[in-house]
Amino acid sequence: MNSFLEEKWSLVGLGFNPWEYSRAEKQGILLAIFKALNVLTVLELSPSDMLEFCLDMESLYEDVPYHSFNHAIDVVVKLYYVLHDLQAASYLASYDIAALLISGLCHDCGH
């Protein structure tokens, strides 16, 4: 993990506030979560393919107060907390974990 993520990783949890991060930092956090929960391996994606997908999803969100890309990132971070910190991932198949995280990222696209 790079030094940015090592420094910021402890903030990825219930107290996470996506409005405190730059666009690049948020994309890095998303990529780190997908990598940490083996989504890239399960879906056979390279980090650049996953990043491109995240950027594409960002472009589909409207600039609105709540159902924005920041909200989507917040949902993914909360899912990470439940899956990793609360160990819910141990009860799920790897494809289910990938589906949950991707659904969290995409759930409000377009509105």
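The values are calculated or read from the model by the stated rules, or taken from the named source; none is laboratory data. Please read all numbers here as calculations on a predicted model, not as lab measurements. Counting neighbours? That spans all protein chains shown, and the Cβs are built from the backbone with ideal geometry, glycine included. Areas reflect the complete protein model, heavy atoms only, side chains present, ligands, DNA and RNA absent. Shrake-Rupley method; radii C 1.70, N 1.55, O 1.52, S 1.80 Å.
Results for (1) in contact with a Pro (Cβ under 9 Å, 6 or more places away or on another chain); (2) closer than 24 Å to residue 55 by Cβ, shown as yes or no for each residue.
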position	(1), (2)
66	no, yes
71	yes, yes
81	no, yes
86	no, no
95	no, yes
100	no, yes
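Anything in the stretch 32-57 that is closer than 12 Å to residue 105 by Cα, in contact (Cβ under 8 Å) with a residue 24 or more places away in the chain and open to solvent by 40 Å² or more (accessible area, probe 1.4 Å)? List them, or say none.
Selection gives 55 alone.
Among the residues of the stretch 81-110, what is the count of those that are modelled with pLDDT under 95, open to solvent by less than 50 Å² (accessible area, probe 1.4 Å) and in a helix (DSSP H, G or I)?
Qualifying residue count, the stretch 81-110: 0.
Among the residues of the stretch 58-80, count how many are part of a helix (DSSP H, G or I) and more than 11 Å from the chain's Cα centre (by Cα).
3
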